[in-house]
Amino acid sequence: MEQVDADRTNDQYWMAQALQLARKGLYSTDPNPRVGCVVISKQALVSQGWHEFYGGPHAEINAIEKVSIPAASEFYVTLEPCSHQGKTPPCVDAIIDLKPARVIVAMQDPNPLVAGRGIERLKTAGIKVEVGVLESEARALNAGFVSRMERNRPFLRLKMAMSLDGRTALANGISQWITGEAARLDVQRLRAQSSAILTSAATIITDDPSLNLRLNASELGQTVAVRQPVRVVLDTNLQLTGKEKIFTTGGSIWVYTLNNNEVDLARLTQAGAEVTVFENSNSGNIDLPRLMAHLAKREVNQVHSECGATLAGALIRQQLVDELVVYIAPQLLGNQSRGLFDLGEITKMDARINCRIDEIRMVGEDIRLRISLQRQSI
């Protein structure tokens, strides 16, 4: 049997505790990353903390301020301590002042303002630093933040619901409700951890959804106020009237369009939307990669998309989907009903889009699939 290094196993144990703390900020830290910190001395827990909400103290500060930290302690942090002045002072300075024996970091901060500087400052201060303990778990917890920093676009999750025969709605457009209550509650939690909810004007006009978060703070297990994700609506020709349900439920609405007609723009602006006009493209559609880059500049980490077959197909074809979540309801709607994705005609098997099923689980009476899409050469 392979020998397991005892110190490494111990590091993984404490870092796992720090990651559990970081997950407490799943719904409340956006656009900041979720971060946890555990401080130990002589193999015993001394203090712990996590980044609880955007603008609040970072995880390290929350841990430090709880108790007196003994000299030569060890810090386990899920993300490199910040070294720059933001809404809060640099965490690395507070750690250096305590003269710990070791700082163990799950992953280097991908933010160019940090990007290894915090680690170097710790080393320069004579503190031993180890990086990479449970790194993959730390990256997964902050997939949106990492994507924004490394790829200049948000992490995009596409959520769809279908019948056993792959249909999303009847031929007349009626789709409520394909899935059961448990699945709809599950979707609420996906919305809660997202920065923005993306849809099309066609979906708004057809279904008139609110697309807001309907869970309260207690239901999300947090003490801070519920953060409503931004609703992002693609309305190429400005067909929305401003009287749809999304305009009455509170929260920010960003509309993207190719239409610069002043009357149409004023109608939606007066309804409470912020409207951004992109220049017309050759296809007559909104440039989706440009949209993702624009959202990243506005500190959108994670996009949750609930839309129809046309936009869903376009997002997949343009390789913008990082995760596909599909709920499968135990019912049949028939071959005249509407399909899941509009991918255009695929005439060769080697042009198909291959997927990897990462998770299968029951949610109430429905099946939930988490799926990764294979990247195509384009």
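Some notes on this structure:
- Here the calculated FRET efficiency for Leu185 and Ala101, from their Cβ-Cβ distance with R0 = 35 Å, stands at 0.15, rounded to the nearest 0.05.
- With distances taken between every two different alpha-carbon atoms, the chain has a Kirkwood hydrodynamic radius of 22.7 Å.
- Dipole size of region 65-155 about its Cα centre, with +1 on Lys/Arg Cβ and -1 on Asp/Glu Cβ: approximately 180 debye, rounded to the nearest 20.
- Here Gln20 and Thr249 are evaluated by their C-beta separation; at R0 = 30 Å the FRET efficiency comes out at 0.35.
- Checking the Cα-Cα distances for Lys128/Lys297; Lys24/Lys245; Lys66/Lys159; Lys66/Lys123 against a 29 Å cut-off, the pairs over it are Lys128/Lys297; Lys24/Lys245; Lys66/Lys159.
- Potential lengthening between Lys42 and Asp350 on full extension [0.36 nm per residue; Cα-Cα distance subtracted]: 105.1 nm
- Dipole-positive endmost among Ala138, Ile64, Ser28 within region 6-141 (Cβ charges, Cα centre): Ile64
- The length gained by stretching the chain between Glu274 and Leu170 to full extension, at 0.36 nm per residue less their Cα-Cα distance, is 34.2 nm.
- Label sites at Val67 and Asn261, each approximated as a point 7 angstrom past Cα along Cα to Cβ, lie 6.6 nm apart.
- Residue separation of Ser281 and Ala217 scaled by 0.36 nm, minus their Cα-Cα distance, works out to 18.8 nm of gained length.
- Estimated D of region 168-241 in µm² per second, where Rh is the Kirkwood radius over Cα pairs and Stokes-Einstein applies at 25 °C, 0.890 mPa s: 175
- For region 118-215, a Kirkwood hydrodynamic radius built from all Cα pairs, placed in the Stokes-Einstein relation at 20 °C and 1.002 mPa s, yields a translational diffusion coefficient of 124 µm²/s.
- Percent RCO, i.e. relative contact order, over region 143-373, from Cα pairs under 8 Å lying at least 6 residues apart: 32
- In the chain, the longest principal axis of the Cα atoms and the axis of helix 6-22 are about 50 degrees apart.
- Stokes-Einstein diffusion for region 6-141 at 10 °C, viscosity 1.306 mPa s, with a Kirkwood radius from C-alpha pairs, works out to 111 µm²/s.
- Judged by the gyration tensor of its Cα atoms, with axes a ≥ b ≥ c, region 223-359 is prolate; a/c meets the 1.5 cut and a/b is the larger of a/b and b/c.
- Model label points for Glu359 and Glu299, set 7 angstrom from Cα along the Cα-to-Cβ axis, are 2.8 nm apart.
All of the numbers you see were taken from the coordinates with simple rules; none came from a lab. These numbers were taken from a predicted model, which means no experiment stands behind them. When we count neighbours, we look across all protein chains shown, and the Cβ atoms used for this are built from the backbone with ideal geometry, even at glycine.
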